[in-house]
Amino acid sequence: DTGVSQDPRHKITKRGQNVTFRCDPISEHNRLYWYRQTLGQGPEFLTYFQNEAQLEKSRLLSDRFSAERPKGSFSTLEIQRTEQGDSAMYLCASSLNHLYGYTFGSGTRLTVV
Amino acid sequence: DQQVKQNSPSLSVQEGRISILNCDYTNSMFDYFLWYKKYPAEGPTFLISISSIKDKNEDGRFTVFLNKSAKHLSLHIVPSQPGDSAVYFCAASADAGGTSYGKLTFGQGTILTVHP
């Protein structure tokens, strides 16, 4: 059990480009969450997967954002046509059941220039 | 609409003394509360939690108190150590019956500095 792994750790991209982040949850965890954290704020919920099904999406997740979790294992979060306001830390978390073992990864810091 | 608020952006404490971090919430549906600690460039690390059926939970140096009538919780760290210096977030979940799937609502965080 190596914890929740996120890749890349840092991403700098030009405005208008597409970016994709990957999250590998703890292997036996069936629940996976994406959060976004901006400077001076706490993490904000983006979306939730139970196995491969995306069961909840925040209003923060605009049409430019899409998340997938094929086969209920790793997950990807894609942002299309990035904007400067997308600059943030994107955090992934996984849990086994409800709130048990809720574990966060180290995050991907996105900077849009 | 900030449903979870940590009104103190920072707290400075001497080593060995008590640190008290406060958190207020507005959503009466919240039934489970957690505290996380975060170092720079790392994800939040779980510290301690409390269910709404309790008013106190203790784990070593960390104790969380919940006052449901006041919609207020606090984290006490005794004794405080320099290694406790980090950002502390409280988080809440309205997950009774599993309807919110474990979605957490976080406060803005409090920067704790423990001086040697």
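Every number in this text was worked out from the coordinates using simple rules, so none of it is lab data. Predicted, not measured: the structure shown is a model, and the values here were computed from it. Reconstructed Cβ throughout: ideal geometry from the backbone, glycine too, with neighbour counts over all protein chains shown.
For the protein assembly as shown, what is the charge dipole size about the Cα centre, in debye to the nearest 20, if Lys and Arg each add +1 at the Cβ and Asp and Glu each add -1 at the Cβ? Don't skip to the answer; put the middle values down first.
Working: 24 positive and 22 negative charges, 89 e Å.
Roughly 420 debye for the protein assembly as shown.
In the neighborhood of B:Lys54, defined by Cβ-to-Cβ distances under 14 Å, what is the net charge if each Lys or Arg adds +1 and each Asp or Glu adds -1?
Details: positive: B:Lys56, B:Lys68; negative: B:Asp31, B:Asp55, B:Glu58, B:Asp59.
Result for the neighbourhood of B:Lys54: -2.
With springs only between Cα atoms under 10 Å apart, run a GNM on chain B and tell me which of B:Thr105, B:Thr45, B:Thr63 wobbles the most.
B:Thr45
So if I average 1/r over every pair of distinct C-alpha atoms in region B:22-116 and take the inverse, what Kirkwood radius in Å does that give? Don't skip to the end; give the middle numbers.
On the way: mean 1/r = 0.0725 Å⁻¹.
Computed over region B:22-116, the radius equals 13.8 Å.
Around B:Ile48, which amide H atoms from residues at least 5 apart in sequence, or from another chain, sit under 5 Å from its own amide H, with H modelled in the peptide plane?
Answer set, sorted by chain and number: B:Trp35.
Given a 10 angstrom Cα cut-off, can you work out which residue in A:Ser87, A:Ser73, A:Ser62 is the most mobile in a GNM of chain A?
Comparing A:Ser87, A:Ser73, A:Ser62 in the GNM, the peak value goes to A:Ser62.
Could you work out the mean count of beta carbons from other protein chains within 10 Å of each residue's beta carbon in B:44-50?
Values: counts 12, 2, 6, 0, 0, 2, 0.
Across the residues of B:44-50, the mean count of other-chain Cβ atoms within 10 Å is 3.
Any idea what log10 I(q)/I(0) is at q = 0.11, 0.15, 0.17 Å⁻¹ for the protein assembly as shown, Debye with uniform C-alpha scatterers and no solvent?
Taken in order of the listed q values, log10 I(q)/I(0) reads -0.55, -1.01, -1.24.
Once Rh for region B:1-48 is found with the Kirkwood sum over Cα pairs, what is the Stokes-Einstein diffusion coefficient at 20 °C and 1.002 mPa s, in µm²/s? Spell out each step's value before the answer.
Numbers: Rh = 13.1 Å.
My calculation gives 164 µm²/s for D.
For peptide A:46-59, what's the mean number of Cβ atoms from other chains within 10 Å of each residue's Cβ?
On the way: counts 1, 1, 4, 1, 2, 0, 0, 0, 0, 1, 5, 0, 1, 0.
Mean shielding by partner chains, rounded to a whole number: 1.
Return the FRET efficiency for the residue pair A:Asn97, A:Gln17: r is the Cβ-Cβ distance, R0 is 45 Å, and the value is rounded to the nearest 0.05. Please list the in-between numbers first.
Values: r = 38 Å, r/R0 = 0.84.
Once rounded, the FRET efficiency stands at 0.75.
Over the whole of B:102-110, what's the average partner chain Cβ count within 10 Å per residue? Rounded to a whole number, please.
Details: counts 13, 8, 10, 4, 7, 2, 3, 5, 0.
Counting Cβ atoms of other protein chains within 10 Å of each residue's Cβ and averaging gives 6.
Looking only at trypsin sites (Lys or Arg not before Pro) in DSSP loops with at most 13 other Cβ atoms within 10 Å, what is the longest site-free stretch of chain A?
Numbers: sites that count: A:Arg9, A:Lys14, A:Arg15, A:Arg59, A:Arg64, A:Arg81.
Longest gap between qualifying sites, sites excluded: A:16-58.
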